[in-house]
C-alpha cells in the first residue's frame, strides 16, 4: 500500500486530499468536500477488472440505511453532542468530479479501456436519485463509451420501475444496469441486516420488471455469512424466489469483515453456489479488490470534519 497526499483538482467541486494505492492494482481516492463547519471527506474507489476501469462513486456524505455489515452508515460525529449517518446529499457536479478524478488515476497505457460508473460508494442512490440521474446524463456525454451500474437496497420500488421505463425510452446516453441488495431470502433476517428493507417479494418483482423492461440482467447482491444465510433452507427459499426469473442473477460475495466466525470458507461457498445452480438459479461470484486499503465493498467510510 502506498499513499499520496495533497493533490489539488483545480476548478473542480472536490479536492483530492490523499490517494491510497492497493498492492492488487486498485486504489481508493479520498475526496474533500467543503462544508460550512469545515471539510468532510468521502471516498471514491477506482478498480481495474477484466479490461475495464471501474470508478465507485459516492452519492451521499455517509449513508442513512444503517446496513449491519457496511461501514458507510456509521454515525458521523460532526458537531459536539450530535451525530447522524448522513451529513448531506452530494450534488450532480460533485458526483461527476469524483468520476473525472478517478479516471485521471488510470495509467496512460490503460486510458483507452472501458469505463464503468459504479454508483455503489457511500450512500443510497435512490435517496438522492435526481442527482444520480443528472450525473449519468453529464458523464454519459463526457464518456460516451462508458456504462453505469446503480445499486440499491430497494427503498423506492416505484422509482426502480420508473427508471426502467426511462431507460427503455432512450432517455440516457449510456447503458444503465441495476444491482439490488438481497442478502437473505427471508424477510425477518434480511431486515436484521438492512433495517430499511422493503418486503422481498415486492423487491424481487421490481427487479424483474427492470430486467424485463431494459432487457438486461439485474444482479441481486448476496454477501455470504456463516450460519446466517448459507443453509439448505436458504438455498430452497432462494430457488422458490428466483425460479423462472431468467433476468435475475444472484451475485455471491465474501463478507469483508474482521469477524472470522462469519466468514464462509471457499469450499462451502462453492457448494452453496453449486446447489443453487442445480436448481436452475443463475449465479455469479464476486471478490472485492482494495481490501488492504479498506476500499472493498462495505469498507468506504466518511472522514471527520476539520474544525
| task | Sort out which residues of the range 145-178 are exposed (fewer than 13 other Cβ atoms within 10 Å of the Cβ) and closer than 18 Å to residue 118 by Cβ, and write them in order of number. | result | 145
| Which of the residues that make up the range 215-240 are part of a loop (DSSP other than H, G, I, E, B) and over 18 Å from residue 274 (Cβ atoms)? | 215, 216, 217, 225, 227, 228
| remark: The lone condition residue 4 fails out of (1) surrounded by fewer than 16 Cβ atoms within 10 Å (Cβ to Cβ); (2) at pLDDT 70 or above; (3) assigned to a strand (DSSP E or B) is (2)
| query | From the list 85, 71, 12, which residue is in contact with a helix residue (DSSP H, G or I) (Cβ under 6 Å, 6 or more places away or on another chain), under 24 Å from residue 193 (Cβ atoms) and either surrounded by fewer than 19 Cβ atoms within 10 Å (Cβ to Cβ) or modelled with pLDDT under 80 (or both)? | reply | 85
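Taking the range 178-207, which residues are farther than 16 Å from residue 227 by Cβ and in a helix (DSSP H, G or I)? First the steps, then the outcome.
Residues of the range 178-207 farther than 16 Å from residue 227 by Cβ: 178-182, 187, 191, 194-207.
If the condition is that a residue be farther than 16 Å from residue 227 by Cβ and in a helix (DSSP H, G or I), then 187, 191, 200, 201, 202, 203, 204, 205, 206, 207 are the ones that fit.
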| Got at least one residue in the range 49-61 being in a strand (DSSP E or B) and either at pLDDT below 80 or surrounded by fewer than 17 Cβ atoms within 10 Å (Cβ to Cβ) (or both)? | yes
| remark: residue 137 passes all but one of the listed conditions (1) in contact (Cβ under 8 Å) with a residue 12 or more places away in the chain; (2) in a helix (DSSP H, G or I); (3) farther than 20 Å from residue 13 by Cβ; the exception is number (3)
| message | For the range 182-205: of the residues being closer than 28 Å to residue 146 by Cα and crowded, with 23+ Cβ neighbours inside 10 Å, which is nearest to the chain's Cα centre (by Cα)? | response | 182
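The values are calculated or read from the model by the stated rules, or taken from the named source; none is laboratory data. None of these values were measured; they are calculated from a predicted model. Positions of Cβ are backbone-derived with ideal geometry, glycine not excepted, and every protein chain shown enters the neighbour counts.
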